[in-house]
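Written out below as structure tokens is the structure these notes cover.
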Amino acid sequence: MDLTAVAKPCSFGDKGTSDVVLRLRNSEGRPEWFYSHSSVLVSKSRFFADRLSNPGSGSCIEIHCSDSTYDHHVNLLRLLYLPTDSLLDSLDSVQSALAVLRLAIAFRCEDVTNCCIQYLEAVPWEDKEEEQIVKEVSELGPVAMPILARIQPVDLSATKNVFISAVRFATSIGGSCPPFGDELKTSAQEQVEFMLGGDEDTPLVTADDEVKSVVKSGLSQVCSLFENELSSFLLVPDITAETAETRILQCLSDVEWMCNILPKMDLMKDFVCSWGGMSRKILEIVEDKKLDNAMWVLKVKLIEVTGKVLEAVGYGNVILPAPCRVQLLKTWLPYIRKIKPLLDAKADEDTDFPYKMDEDLCQSIEGAIVSLVLALPSNDQADILTDWMKTEQLKYPDLSEAFEVWCYRTKSAKRRLMEGLDRVGNTTISL
């Protein structure tokens, strides 16, 4: 054997040193010949090693490929001739690496396979590429699974820790993080909502006592911040100042966000109790004369949040004692009755006036109030209905349905009482 010839490096396509010819069908359907070297093919591919170990294989190996994979076959053959430490640098896109990986696994090229996996595991993916990668890897089997490390589900403990951290950030527990605090807080809130979506691990996380404790602390924090900002607002020299208004609306937005996520954690009762606890103070400030013609957006937002509270209580999703339900109604019903015609009048004066109670909001609040009234003890219903009929604003909210039911129930109750007294009297006479 010529040792000099063995030591001489081989080049892909070098006809002078080739001892094996690969026959590959090109994109036009014509066969194309690639001059190769058995020493390279055997050392880099177990497929070629098996083929060339067969005494009857000859010096020509035919490879069938489709038009769409032709270029990738050629690319794989070229990669077999590169040193192992140069393979990564030769890959330049997710698409080509994925195509080469598929062939490398089929031809059992261990070095190229490992290189493609390492490349795909590390580089960024576009959304469409991610979908394709997930599909391809599921077909390629366990060898390619390391590519999906970034999208594998994490254990429950890690999920819980991420969720808690996100809630802390979303509710500013521990203070904000300037200069990008608001943007990051908003992002954290969006991610918390996403994590609370339909997932089999969600109930396990939200039922955790530590998670609930942190969420309740977050609720207390956002409510406290909103209350403090609102309380200091009347002390601001210029209540029309955009900065002060923006701070209040941001705080209220955080409160509304808590109102939206807490039902998903079975903690809406905590929100209802917190909202009920600060309602009187909120209304004392909002109904101050200084705000008679200002902060319309705040007034509408307060109605929207209150509407969600009334729905939760009125439809039985949150169970409260009758005195608490009465207090909730008596606190907010006069304000709703007052603010609706004011908003309508502003809209009539200015067609571009953006702050109004839309039809859906009005209907949902009215329905919740009617349901809430009808679930109260009869005497409390009578007090609320009497107050409603004394006011000039009978149109909204319209409690005529509740009044009709109350009248029917009252007559029915009186009839049942009389029938009961008659039965008692007849029993006494018979004795």
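The values are calculated or read from the model by the stated rules, or taken from the named source; none is laboratory data. Not measured: the values here are computed from a predicted model. Neighbour counts run over all protein chains shown; Cβ positions are idealised from the backbone, glycine included. For accessibility, only protein heavy atoms count, side chains too; no ligands or nucleic acids. Shrake-Rupley method; radii C 1.70, N 1.55, O 1.52, S 1.80 Å.
How about segment 187-205: which of its residues are more than 28 Å from Leu249 (Cα to Cα) and surrounded by 13 or more Cβ atoms within 10 Å (Cβ to Cβ)?
Asp199, Asp201, Thr202, Leu204, Val205 - these are the residues of segment 187-205 that are more than 28 Å from Leu249 (Cα to Cα) and surrounded by 13 or more Cβ atoms within 10 Å (Cβ to Cβ).
Which of the numbered conditions does Thr171 fail, given that it passes all the others? Conditions: (1) in contact (Cβ under 8 Å) with a residue 60 or more places away in the chain; (2) open to solvent by 20 Å² or more (accessible area, probe 1.4 Å).
It fails just one condition, (2).
Please enumerate the residues belonging to segment 28-83 that are polar (S, T, N, Q) and closer than 29 Å to Gln95 by Cβ.
Matches in segment 28-83: Ser36, Ser43, Ser45, Ser66, Ser68, Thr69, Asn75.
Being assigned by the TED database to the domain that holds Val405 and over 20 Å from Met295 (Cα atoms), is that true of even one residue in segment 338-361?
There is at least one residue in segment 338-361 that is assigned by the TED database to the domain that holds Val405 and over 20 Å from Met295 (Cα atoms).
Only one of these conditions is not met by Ser18: (1) of a type in the set (Gly, Ala, Ser); (2) surrounded by fewer than 14 Cβ atoms within 10 Å (Cβ to Cβ); (3) assigned to a loop (DSSP other than H, G, I, E, B). Which number is it?
(2)
Collect the residues in segment 70-128 that are among the β-branched types (Val, Ile, Thr) and either open to solvent by 50 Å² or more (accessible area, probe 1.4 Å) or under 18 Å from Phe48 (Cβ atoms) (or both), keeping them in residue-number order.
Val74, Thr84, Val100, Ile105, Val112, Thr113, listed by residue number.
Among the residues in segment 349-369, are any modelled with pLDDT under 95, over 30 Å from Cys407 (Cβ atoms) and either in contact with an Asp or Glu (Cβ under 9 Å, 6 or more places away or on another chain) or buried (at least 18 other Cβ atoms within 10 Å of the Cβ) (or both)?
yes
Which one of these is of a type in the set (Asp, Glu), at pLDDT 90 or above and either touching a helix residue (DSSP H, G or I) at 6+ places or on another chain (Cβ under 8 Å) or crowded, with 16+ Cβ neighbours inside 10 Å (or both): Glu227, Glu245?
After applying the criteria, what remains is Glu227.
Scanning segment 51-69 for residues that are out of contact with any Leu (no Cβ under 6 Å at 6 or more places or on another chain) and outside any loop (DSSP other than H, G, I, E, B), which turns out surrounded by the most Cβ atoms within 10 Å (Cβ to Cβ)?
Looking at residues that are out of contact with any Leu (no Cβ under 6 Å at 6 or more places or on another chain) and outside any loop (DSSP other than H, G, I, E, B), I get Leu52.
Are there any pairs, at least 6 apart or on different chains, whose C-beta atoms fall under 7 Å, with the first in segment 106-133 and outside the structural domain of Leu91 (by the TED database) and without any contact (Cβ under 8 Å) to a residue 40 or more places away in the chain and the second aliphatic (A, V, I, L, M) and open to solvent by 70 Å² or more (accessible area, probe 1.4 Å), and if so, which?
The qualifying pairs do not exist here.
When segment 105-127 is examined, which residues are found to be out of contact with any Asp or Glu (no Cβ under 9 Å at 6 or more places or on another chain) and of a type in the set (D, E, K, R)?
Glu110, Asp111, Glu121, Glu126, Asp127
Run Phe48 past the list (1) open to solvent by 40 Å² or more (accessible area, probe 1.4 Å); (2) aromatic (Phe, Trp, Tyr); (3) assigned to a helix (DSSP H, G or I); (4) touching a strand residue (DSSP E or B) at 6+ places or on another chain (Cβ under 9 Å) and report the number of the one that doesn't hold.
The one condition Phe48 does not meet is (1).
Looking at Arg25, Arg51, can you tell me which residue is in contact (Cβ under 8 Å) with a residue 40 or more places away in the chain and basic (Lys, Arg)?
Arg25
Determine whether Tyr315 is more than 17 Å from Phe403 (Cβ to Cβ), among the aromatic types (Phe, Trp, Tyr) and open to solvent by 70 Å² or more (accessible area, probe 1.4 Å).
Judged against the criteria, Tyr315 is a match.
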